1. Kindly establish whether F31 is closer than 18 Å to T278 by Cα, under 25 Å from the mean Cα position of the chain (by Cα) and either touching a residue at least 40 places away in the same chain (Cβ under 8 Å) or not in a helix (DSSP H, G or I) (or both).
2. Which residues, counting only those in the range 101-152, are of a type in the set (A, V, I, L, M, F, W, C) and under 18 Å from L75 (Cβ atoms)?
3. I need the full set of residues from the range 158-194 which are free of Cβ contacts under 8 Å to residues at least 60 places away in the same chain and in a helix (DSSP H, G or I), in order please.
4. Mind checking which pairs have a first residue in the range 229-245 that is open to solvent by 50 Å² or more (accessible area, probe 1.4 Å) and a second that is polar (S, T, N, Q), Cβ under 9 Å, 6 or more apart or different chains?
5. Could you identify the single residue in Y277, Y258, Y217 that is farther than 29 Å from F17 by Cα, aromatic (F, W, Y) and crowded, with 19+ Cβ neighbours inside 10 Å?
6. Can you name every residue in the range 52-103 that is in a helix (DSSP H, G or I) and of a type in the set (S, T, Y)?
7. In the range 84-105, how many residues are over 15 Å from the mean Cα position of the chain (by Cα) and open to solvent by 30 Å² or more (accessible area, probe 1.4 Å)?
8. Of all residues in the range 202-214, count the ones that are surrounded by 19 or more Cβ atoms within 10 Å (Cβ to Cβ) and either closer than 15 Å to A117 by Cβ or of a type in the set (S, T, N, Q) (or both).
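The values are calculated or read from the model by the stated rules, or taken from the named source; none is laboratory data. Predicted model, so just to flag it, every value in this text is computed and none were measured. Every residue, glycine among them, receives a Cβ derived from its backbone with ideal geometry; neighbour counts consider all protein chains shown. For accessibility, only protein heavy atoms count, side chains too; no ligands or nucleic acids. Shrake-Rupley method; radii C 1.70, N 1.55, O 1.52, S 1.80 Å.
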Amino acid sequence: MQRKNFTEVVEFIFLGFSIFGKHQITLFVVFLTIYIFTLIENIIIVTIICIDRHLHTPMYFFLSMLASSETVYTLVIVPRMLSSLIFHSHPISLSGCATQMFFFITLATNNCFLLTAMGCDHYVAICKPLRYTVIMNRGMCARLMCGSFGTGLVMAVLHVTAMFSLPFCGTVVDHFFCDIYPVMKLSCIDTTVSEIINYGVSSFVIFVPVGLIFFSYVLIISSILKIPSAKGRKKAFATCASYLTVVIVHYGCASIAYLKPKSENSVEKDLLISVTYTIITPMLNPVIYTVRNKEVKDALRRAVGQKHFLTDGIIFSGDL
């Protein structure tokens, strides 16, 4: 019987932002603008890091990997979401839904562990500066990158296997992409076991990186406080502040989305949280990392072959 119910459902339909009615065109324009801006930001960051030898360091290697991962991450979700805002009934096949979920989980987990790798890089740079080039060599960077992506693949396989072994009766997804819990709601049977698996995997993906980052930053802050120069302490804290801002936003949204009690679920709240971590956060991350980063600004100036002056936080061309 379960097999029959499972095979009867061949596609899902996203409700998306239909609850906003006539405002969907406005949302389309806003989200499209943010998406284009995000793509441009990430492409510029990856290009600058690749072509400028001054940025060929572990920190910028991980930043380029994060920018690349977030570019593909948004590509998996946002174009279909934008399409659904214009063409209100936009079905997706079961295999298409499983594929979208697989890539979403893989890349989201990869982003989590890349942030952890960046935290490790900060720890070595601040706490063990004399051994930095020995510890953070190319082999270590490659292992951390492969470990992040490999963990994402394993988590995606666990999630997607648990999800699509369920029989589905419903076809309407109260969401704008194939996220875990909105799809799980469509199952014909009790999903307690799948919920436990998904909750366990989500807890691992969130708490392990957060624990490692927290431990690293306890050591980092204690090392910064030992720096005799006030200017040196200020520079170190400024570098850490950008990273911690991204970490708080990223893991905060993930925790609210995947670890909140089931009783607190609501369509409007879930949509708002999902928009934050699929659209807003990928746009903010490049800005947070580069807006106060002198090395990236200098690399941009070298790339365009112009001299710029920084006045009151605004960059003006030297030719003006």
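1. On the way: closer than 18 Å to T278 by Cα: yes; under 25 Å from the mean Cα position of the chain (by Cα): yes; either touching a residue at least 40 places away in the same chain (Cβ under 8 Å) or not in a helix (DSSP H, G or I) (or both): yes.
Against the criterion (closer than 18 Å to T278 by Cα, under 25 Å from the mean Cα position of the chain (by Cα) and either touching a residue at least 40 places away in the same chain (Cβ under 8 Å) or not in a helix (DSSP H, G or I) (or both)), F31 qualifies.
2. Quick first cut of the range 101-152, residues of a type in the set (A, V, I, L, M, F, W, C) only: 101-105, 107-108, 112-115, 117-118, 120, 124-127, 130, 134-136, 140-142, 144-146, 149.
Selection gives M101, F102, F103, F104, I105, L107, A108, L114, F149.
3. Just the residues of the range 158-194 that are free of Cβ contacts under 8 Å to residues at least 60 places away in the same chain, to begin with: 158-159, 161-162, 165, 184-185, 187, 190-194.
L158, H159, T161, A162, M184, T192, V193, S194 - these are the residues of the range 158-194 that are free of Cβ contacts under 8 Å to residues at least 60 places away in the same chain and in a helix (DSSP H, G or I).
4. Between residues of the range 229-245 that are open to solvent by 50 Å² or more (accessible area, probe 1.4 Å) and residues that are polar (S, T, N, Q), the close pairs are K235/S229; T239/N293.
5. Working: Y277 fails: farther than 29 Å from F17 by Cα; Y258 fails: farther than 29 Å from F17 by Cα.
Answer to the check: Y217.
6. The first filter runs over the range 52-103 and keeps only residues in a helix (DSSP H, G or I), leaving 53-55, 58-86, 94-103.
Passing the criteria: Y60, S64, S68, S69, T71, Y73, T74, S83, S84, S95, T99.
7. 9
8. Residues of the range 202-214 surrounded by 19 or more Cβ atoms within 10 Å (Cβ to Cβ): 202, 205-206, 209-210, 213.
Next cut, either closer than 15 Å to A117 by Cβ or of a type in the set (S, T, N, Q) (or both) only: 202, 205, 209-210, 213.
Adding up the residues that qualify gives 5.
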